[in-house]
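Have a look at the structure below, then the notes.
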Amino acid sequence: MDLRHLKYFIAVAEEQNIGRAAARLNISQPPLTRQIQQLEEELGVRLFNRTPRGMELTQTGEVLLHEARNIRSLVEQATERTQRAGQGKLGRLDVAIFGSAILDSIPKLLLAFRRKYPEVNIVLHTMTKSEQIEALRQRRITVGFNRMLAPLPDLSTTLVATEKLLLAINEGHELAAQDTVPLNVLAKFPLVLFPTGQRPNFVDKVLGLCRDMGFVPEISQEVGDAVTGVALVASGFGISLVPESVTSLKIPGVIYRPLRNPPAQAAVDLSCLYRSDDESPILSAFLETVREFREEHAKRASAG
């Protein structure tokens with residue numbers, strides 16, 4: 001018994017007439033009659049009673065009709081799910097996250113993707129930059145998110161957003177009274193830097209800005225993440241340059257101030273990283289969402 005037999009059987013059972021069933025199936029009556037006879041012979045049962053009024057289902061035929069409709073429904077579902085998977089609308093997306101962007105941009109981007117593709121299962125993994133690169137090469141994740149990514153021959157990047165830098169200050173600090181703070185003031189106060197780990201990273205960004213301003217900063221502490229860094233600012237360890245997404249952290253005792261007349265390089269990128277040879281529909285759909293998110297983010301930044 002194959003799917004064609006079931007299709008023909010359902011048509012005859014529902015129409016209760018060979019002629020009408022043949023017209024519905026767009027075939028002639030003789031081959032349809034033969035198919036029904038073959039199905040009965042294969043199963044060794046009588047499915048229809050032939051009467052002057054047409055084709056009446058036997059009790060056995062009623063059982064097969066119920067099962068055949070279930071099978072047809074499963075086949076239609078399998079077809080639809082396969083097509084949706086081929087369009088990137090169904091499946092699993094393994095995403096590696098790390099850094100301050102998890103406080104703002106990444107959740108918003110993932111939510112936008114989930115709203116477009118609710119049947120894609122998003123699985124999050126916390127990984128450092130080096131761990132993300134290794135996991136991508138081992139095909140354990142589909143995409144990673146990080147900043148200041150050096151070019152790699154087998155991996156590609158797509159820009160998600162560019163964030164301006166702000167200064168995190170203890171509310172009791174002398175700079176707290178200023179609405180904006182000049183960048184060169186960092187020369188006068190100890191800095192809390194983050195993250196430690198594989199270079200280049202955001203630490204190098206901050207040190208490069210200081211070098212361009214003509215000074216080497218006093219480093220109070222280097223820590224592994226933005227949350228720890230801002231917590232140390234709250235405790236009075238120093239001040240800290242942070243990406244704009246970090247301002248989502250509302251830690252008591254910490255305020256954020258924009259830089260006064262900041263140079264163009266006083267900004268940091270957030271990019272997603274993926275295998276260059278990955279042609280999966282889910283990745284294509286995700287990258288399209290990234291591009292849409294980037295455009296919206298740029299519009300909001302210019303409007304602000």
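Derivation of every value follows stated rules applied to the coordinates shown; laboratory data play no part. Note that the structure is a prediction, hence the values are computed from the model and not measured. Backbone-built Cβ (ideal geometry, glycine too); neighbour counts: all protein chains shown.
Scanning for something free of Cβ contacts under 8 Å to residues at least 12 places away in the same chain and either among the charged types (D, E, K, R) or in a strand (DSSP E or B) (or both), does the stretch 148-167 turn up at least one residue? So far as the stretch 148-167 goes, no, none of its residues is free of Cβ contacts under 8 Å to residues at least 12 places away in the same chain and either among the charged types (D, E, K, R) or in a strand (DSSP E or B) (or both).
Being closer than 14 Å to Cys272 by Cβ and among the β-branched types (Val, Ile, Thr) is the filter here; which residues of the stretch 118-147 pass it?
Correct list: Ile122, Ile133, Ile141, Thr142, Val143.
When the stretch 215-265 is examined, which residues are found to be of a type in the set (Asp, Glu), within 18 Å of Lys188 (Cβ to Cβ) and crowded, with 17+ Cβ neighbours inside 10 Å? None - no residue of the stretch 215-265 is of a type in the set (Asp, Glu), within 18 Å of Lys188 (Cβ to Cβ) and crowded, with 17+ Cβ neighbours inside 10 Å, so the list stays empty.
Scanning the stretch 275-297 for residues being in contact (Cβ under 8 Å) with a residue 12 or more places away in the chain and either touching an Asp or Glu at 6+ places or on another chain (Cβ under 8 Å) or under 10 Å from Ala161 (Cα atoms) (or both) gives a total of 8.
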